[in-house]
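Written out below as structure tokens is the structure these notes cover.
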Amino acid sequence: ENEMYIGNMVQGKYGSVSYKTKKNKPRPKEQWYRVEGTHEPIIEKELWEKVKAMREQKAKPFTTGTIGLFSGKARCAECGYVLRSGKRENWRFLTCPNRSVSKDACGGAFISVSRLESKVMEELKRLAENYLDQEALQQGIQWDKEYEKQKNSVADRMKFYEKKILDRKKALRALYLDQVRGILTEEDYLDMTRAFSVEKKRLEEAMKICTEQIQEIEERKKAGGNGKELVEKYIHVEHLTREMVEALVDHVDVGRRIPGSRDVPIIVYWNF
């Protein structure tokens with residue numbers, strides 16, 4: 001966490017409570033004084049950023065001390081929440097935490113870890129066919145379509161949430177009118193209002209997550225990059241490791257199982 005290691009000088013982390021006392025208290029980060037490049041770094045900026053991103057994910061290890069393959073990386077395509085890990089005997093799976101909240105909270109994603117690993121490997125091989133196609137590389141592969149596909153998927157979710165929020169607002173107004181007319185008792189009105197408000201707040205949080213995802217996509221699009229080297233490094237492996245997932249995958253959106261089949265749609269958001 002100490003930016004001294006990447007060549008930055010940071011001061012003003014603490015300030016006095018008042019002129020009457022010598023006691024100091026932590027200051028918010030936006031009030032710190034930061035000067036970059038004051039001395040030679042001993043840690044590369046790229047490594048620093050990777051570790052920072054990993055710490056922010058706050059992936060929880062299992063009781064064995066190991067971190068799940070997709071811990072903190074898999075999200076529900078319906079509501080945007082990070083999938084929760086579960087286990088039945090030796091079979092590990094990922095599920096949306098909102099599945100059990102209420103019947104209309106979220107259809108919920110559900111997928112086994114092995115199936116998700118297989119689908120991510122398929123996507124990696126598909127990318128390799130493009131990255132490692134020398135003729136295509138000479139012509140200049142345009143990844144804008146891939147980024148647009150990801151953005152459109154998130155934008156569609158946002159429209160869905162906007163409609164749901166609007167529906168909740170209309171329902172709240174209707175409840176108020178019913179209470180005024182005496183159709184609903186005050187107790188019933190308060191109970192139903194509370195339930196609608198909780199659901200509305202959940203949808204608003206999902207909207208916020210979508211906005212952050214679109215910003216992440218834009219940042220990766222601007223960064224461009226090191227995709228070819230990463231794909232070449234890992235293309236010949238048969239199974240994913242946590243190290244590979246950290247290096248290659250920003251996150252994965254897991255959708256609802258397609259009715260009448262075992263197929264679960266996913267969208268991989270790569271780190272390049």
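The values are calculated or read from the model by the stated rules, or taken from the named source; none is laboratory data. Keep in mind that what you see is a predicted model, and the values were worked out from it rather than measured. As a convention, Cβ positions derive from the backbone with ideal geometry for all residues, glycine included, and neighbour counts pool all protein chains shown.
Within segment 150-173, the only residue that satisfies the criterion of being touching a helix residue (DSSP H, G or I) at 6+ places or on another chain (Cβ under 8 Å) and among the polar types (S, T, N, Q) is 150. Picking from residues in segment 215-247 that are part of a helix (DSSP H, G or I) and at pLDDT 80 or above, the one that is surrounded by the most Cβ atoms within 10 Å (Cβ to Cβ) is 245.
Results for (1) in a loop (DSSP other than H, G, I, E, B); (2) at pLDDT 80 or above, shown as yes or no for each residue.
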| position | (1), (2) |
| --- | --- |
| 43 | yes, yes |
| 55 | no, no |
| 85 | no, yes |
| 99 | no, no |
| 103 | yes, no |
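When residues in segment 146-196 are screened for being assigned to a helix (DSSP H, G or I), over 30 Å from residue 269 (Cα atoms) and not hydroxyl-bearing (Ser, Thr, Tyr), 23 of them pass.
The residue that is modelled with the highest pLDDT, counting only those in segment 3-41 that are of a type in the set (Phe, Trp, Tyr) and assigned to a loop (DSSP other than H, G, I, E, B), is 32.
The residues in segment 178-208 that are loosely packed, with under 13 Cβ neighbours inside 10 Å and modelled with pLDDT under 75 can be counted, and the count is 1. Scanning segment 234-272 for residues that are within 12 Å of the chain's Cα centre (by Cα) and either closer than 19 Å to residue 98 by Cα or not assigned by TED's automatic domain parsing to the domain that holds residue 123 (or both) yields 251, 252, 253, 254.
Check whether at least one residue in segment 248-261 is crowded, with 19+ Cβ neighbours inside 10 Å, touching a Lys or Arg at 6+ places or on another chain (Cβ under 7 Å) and assigned to a helix (DSSP H, G or I), and report yes or no. Scanning segment 248-261, I find no residue that is crowded, with 19+ Cβ neighbours inside 10 Å, touching a Lys or Arg at 6+ places or on another chain (Cβ under 7 Å) and assigned to a helix (DSSP H, G or I), so the answer is no. In segment 64-83, the qualifying residues are those that are of a type in the set (Ser, Thr, Tyr) and closer than 22 Å to residue 100 by Cβ, and the one that is modelled with the highest pLDDT is 71.
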